[in-house]
Amino acid sequence: MTLILGLEGTAWNLSAAVVSEEKAIYDAESTYKPLHGGIHPREAAQHHASELKSVVSQAVKGIEAEGYSLENIDAIAFSQGPGMGPCLRTVATAARALSISLKIPLIGVNHCIAHIEIGGWRCGVKDPVVLYVSGANSQVLVYRSRKYRILGETLDIGIGNALDKFARHLGLSHPGGPKIEELAAKGTKYVYMPYVVKGMDLSFSGLSTAAKDAFTSHKHKKEDICYSFQETAFAMLTETTERAMAHRCKDEMLLAGGVGANRRLQQMLRTMCQDRGASFYVPETEYLRDNGTMIAYLGLLMYKSGNTTPIEESTVNPNFRPDEVEVTWRD
Ligand code: AMP
Ligand code: MG
């Protein structure tokens, strides 16, 4: 049996989790909540630094309850990127310290691929088109020839950030996505929003601006704006995902990332899949948002395929793209 300890802390959620080949054994978390505004990278990093000891200790206690101990851990996996520089550096420093003191290998994990692999594991889906939508990222991906290929992506901000920005404008606290979803459910009238799809790529920053104008200058009801924002943004995502499925001849799709918790987005994608005779998969919400289990799980796949990270190659990369990673754990 192999046990991997995974550390996640790319943005606001700090987590330490342990997985084996059989199951997710324990996941300890501590979430940074900004007092006002969005995520401040330095404040989030300070939160992670002060909470790291506690989450790692909780994870160790969690595995002790299952009859394991720290000595049974085979390797330390951590999010090497993408993410906020100060947060990444804080968590990577802890990961290196654990690797050196426990004398076990270090595994630098791409955070986006971790979102994809945990979804595949939980849903039992092998070769889907993936829509990965989180705070900072929005990508359509498919696996081919040892790489996760990005077929389409946002040209500016991630869909989650676009929702969070507009929510802040409405005076709502972070994270705004779930609050926009609630307001949108009460909207009835479609207000014009820019629908920007360029080939397979997307743009969301104009949507945030248009939504702010619709509220402040044009005095539309916030429920109607949230409804229109979601309908427009999610239709853009559904369109590009469907085109990827058509061109790559795939009949399975997997939703990943924190924005994937949105029921309207799930509904639109499910309908699109049903209409083309394809299957739609989405994991439980706890595995959609950032979590340590996904880092430990990808760490396990990498470890078992002999893919570990020497300390001198463990520098973090805030712009780490999934298509930079050589996939060693799939045929
Ligand atoms: P992640 O970076 O994967 O943890 O995802 C965080 C992002 O997901 C934030 O931008 C949240 O606002 C967004 N989010 C979480 N739940 C929802 C939801 N129900 N609807 C829309 N966005 C959401
Ligand atoms: Mg994420």
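Average 1/r across all pairs of distinct alpha carbons in the range 87-146, invert it, and you get the Kirkwood radius: 13.8 Å. Between Ser99, Ser314, Ser145, the GNM of the chain built on Cα springs shorter than 10 angstrom shows Ser145 fluctuating the most. Working from label points 7 Å from Cα in the Cα-to-Cβ sense, the Asp156 to Thr271 distance is 2.7 nm. In this label model, Ser279 and Asn72 are separated by 3.2 nm, measuring between points 7 Å along each Cα→Cβ vector.
Distances between every pair of Cα atoms in the range 68-209, grouped in 5 Å steps from 0 to the bin holding the largest one, split as 2, 8, 13, 15, 16, 16, 13, 9, 5, 3, 1, 1, 0 percent.
With contacts taken as Cα pairs under 8 Å at a separation of at least 6 residues, the range 127-285 carries a relative contact order of 26 percent.
Sketch the reach of a paramagnetic label on Ser305 as a point 7 Å from Cα along Cα-to-Cβ, and name the residues of the range 129-147 whose backbone nitrogen lies under 15 Å away. Counting only backbone N, you get 142-147. Here is how the number arises for the chain: DSSP H runs of 4 or more residues each give -39500 (n - 2.57), the sum is divided by the residue count, and the result at 222 nm is -13500 deg cm²/dmol. State the three equivalent ellipsoid semi-axes of the range 130-281, derived from the C-alpha gyration tensor as the square roots of 5 times its eigenvalues, in descending order and whole Å. Over the Cα atoms of the range 130-281, the semi-axes work out to 27, 15, 13 Å. In this structure, the residue pairs whose Cα-Cα separation is over 29 Å, taken from Lys33/Lys103; Lys179/Lys219; Lys53/Lys126; Lys126/Lys179; Lys186/Lys250; Lys126/Lys222, are Lys33/Lys103; Lys53/Lys126; Lys126/Lys179; Lys186/Lys250; Lys126/Lys222.
Please grab the % of Cα pairs in the chain that end up more than 38 Å from each other.
15 percent
Shape of the range 229-303 from its Cα gyration tensor (a ≥ b ≥ c, root eigenvalues): rounded if a/c is under 1.5, otherwise prolate when a/b > b/c, or oblate?
Note, shape of the range 229-303 comes out oblate.
Taking Cα atoms only, the orientation of helix 222-247 departs from the longest principal axis of the chain by about 70 degrees.
Relative to the longest principal axis of the Cα atoms of the chain, the long axis of helix 205-216 lies at roughly 50 degrees. Where in the range 211-232 does the label zone of Tyr190 land, with the point 7 angstrom along Cα→C-beta and an amide N cut-off under 14 Å? Counting backbone N atoms under 14 Å from the label point, the list is 225, 227-232.
Footprinting exposure proxy ranking of Trp329, Trp12, Trp121, fewest other C-beta atoms within 10 angstrom first, gives Trp329, Trp121, Trp12. Panel note: the C-alpha atoms of the range 191-256, placed on their principal axes, show extents of 45, 21, 18 Å (largest first).
When each of Ile118, Ile25, Ile76, Ile295 is scored by the number of other beta-carbon atoms lying within 10 Å, the sequence from fewest to most is Ile25, Ile118, Ile76, Ile295. By the beta-carbon count within 10 Å of each Cβ, the least crowded to most crowded order of Leu170, Leu183, fewest first, is Leu170, Leu183. What angle do you read, to the nearest 10 degrees and between 0 and 90, between the alpha-carbon axis of helix 292-304 and the longest principal axis of the chain? Taking the Cα atoms of the chain, the angle to 292-304 is about 50 degrees.
Quick note: the coordinates plus some simple rules give every number you see, no bench work behind them. Just so we're clear, the structure is a prediction, and the values are computed from it rather than from any experiment. Glycine gets a Cβ as well: all are built from the backbone with ideal geometry, and neighbour counts include every protein chain shown.
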